[in-house]
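So the structure is just underneath, and the comments pick up after that.
The values are calculated or read from the model by the stated rules, or taken from the named source; none is laboratory data. None of the values given here were measured: they were computed from a predicted structure. For neighbour counting, all protein chains shown are included, and Cβ atoms are generated from backbone atoms with ideal geometry for every residue, glycine included.
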Amino acid sequence: MNLKYRSLSLITVVALLFYMSCSSSDEPTPFDCATSDLAIQLINSTNPTTCGTNNGSIQVSASGGMGPYQFKLDNAAFSSTSTFANLGGGSFVITVKDSKGCEKQLAAVVLTAPLGPTANASTILPQTNCSNPNGSITANVTGGQSPYKYKLGAGAFVSSSTFANLKAGMYMITVEDNTGCTITINAQVPSNTGVSYETQIKPILQANCIKSTCHDGSSSLPNWSNLSTVQANAQAIKLRTGNGSMPADQVSTGGLPQNLRDLIACWVDDGAKDN
């Protein structure tokens with residue numbers, strides 16, 4: 001092959017690869033969910049008939065935002081159903097998501113079984129340290145028959161009603177009374193880590209994401225030099241840096257270091273503030 005054509009071919013391939021690494025085809029469309037009027041309402045709830053019987057239910061509806069809507073119970077996956085059945089006693093959190101990716105959460109709905117314990121999260125402390133999670137949840141239980149046992153998620157039962165060293169997020173605590181009757185508490189640990197956009201997040205974007213023709217305002221890609229655009233895409237940025245699919249040119253090497261992913265997640269969980 002002629003050397004001239006071989007060089008041109010190599011240049012074309014390199015250019016194509018660069019374009020593919022920074023394609024807009026998989027980028028989210030910017031939308032500021034802070035401006036959304038999405039709302040979720042409780043329509044009906046039914047308590048379980050006895051302790052240990054999972055026949056309670058919760059029905060919700062959504063309005064505003066942009067349909068179609070999806071709903072999830074606690075940490076489950078989103079689906080189109082707005083009625084949740086086969087529930088035992090407990091405190092449940094339902095979230096709605098619209099087609100723009102905006103989410104709204106309903107205040108915890110409590111279902112109580114006759115003669116069983118009643119429980120809620122009496123104290124929730126936010127995560128205030130990004131590098132060393134320090135959030136906590138304390139359960140408060142009445143009714144049923146003491147003593148009570150507690151477990152976090154799929155962990156083992158313990159005698160302490162407080163779970164510490166938690167990251168921001170949704171957690172489920174199961175309480176069991178002395179007769180074996182159980183109730184669940186679903187609670188959200190908020191984030192208040194104080195991670196700064198100006199001194200911590202912006203440098204990460206500048207060093208790893210804002211490049212020539214890539215997120216620099218010179219193409220159809222979201223411009224990460226613009227804070228409002230970053231804020232509108234904050235959840236998507238958290239998701240994609242967290243799973244290693246962004247920055248695109250670092251996918252083959254595993255993505256950002258974990259400490260940078262954690263900083264981005266903390267800033268987004270704090271509310272993607274202009275700080």
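The figures follow:
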| quantity | calculated |
| --- | --- |
| Residue in region 221-231 that is within 18 Å of residue 33 (Cα to Cα), of a type in the set (Val, Ile, Thr) and either more than 22 Å from the chain's Cα centre (by Cα) or at pLDDT below 95 (or both) present | yes |
| Unmet criterion (only one of (1) surrounded by fewer than 20 Cβ atoms within 10 Å (Cβ to Cβ); (2) among the hydroxyl-bearing types (Ser, Thr, Tyr); (3) at pLDDT below 95; (4) assigned to a strand (DSSP E or B)) for residue 99 | (4) |
| Number of the exception - residue 269 against (1) under 30 Å from residue 56 (Cβ atoms); (2) surrounded by 15 or more Cβ atoms within 10 Å (Cβ to Cβ) | (1) |
| Given (1) in contact with a Leu (Cβ under 9 Å, 6 or more places away or on another chain); (2) free of Cβ contacts under 8 Å to residues at least 40 places away in the same chain, number of the condition residue 195 does not satisfy | (2) |
| Qualifying residue in region 103-115 (condition: loosely packed, with under 15 Cβ neighbours inside 10 Å, within 22 Å of the chain's Cα centre (by Cα) and under 28 Å from residue 36 (Cβ atoms)) | yes |
| Residues within region 166-196 that are closer than 18 Å to residue 266 by Cα, surrounded by fewer than 19 Cβ atoms within 10 Å (Cβ to Cβ) and more than 14 Å from the chain's Cα centre (by Cα), tallied | 3 |
| Of all residues making up region 47-92, the number that are in contact with a Lys or Arg (Cβ under 6 Å, 6 or more places away or on another chain) and either under 15 Å from residue 105 (Cα atoms) or at pLDDT 95 or above (or both) | 2 |
| Cross-chain or 6+ apart pairs with Cβ under 8 Å, region 207-224 first and free of Cβ contacts under 8 Å to residues at least 60 places away in the same chain, then among the acidic types (Asp, Glu) | 210/216; 223/216; 224/216 |
| Tally of residues being small (Gly, Ala, Ser), assigned to a loop (DSSP other than H, G, I, E, B) and surrounded by 15 or more Cβ atoms within 10 Å (Cβ to Cβ) across region 53-81 | 2 |
| Total residues in region 106-159, condition of a type outside the set (Ser, Thr, Tyr) and in a strand (DSSP E or B) | 20 |
| Conditions (1) under 14 Å from residue 43 (Cα atoms); (2) in a loop (DSSP other than H, G, I, E, B): number failed by residue 84 | (2) |
| Which listed residue is at pLDDT 95 or above and surrounded by fewer than 15 Cβ atoms within 10 Å (Cβ to Cβ), from 42, 17 | 42 |
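Okay, residues lined up against (1) at pLDDT below 95; (2) polar (S, T, N, Q); (3) surrounded by 16 or more Cβ atoms within 10 Å (Cβ to Cβ):
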position	(1), (2), (3)
152	no, no, yes
163	no, no, yes
207	yes, no, no
247	yes, no, yes
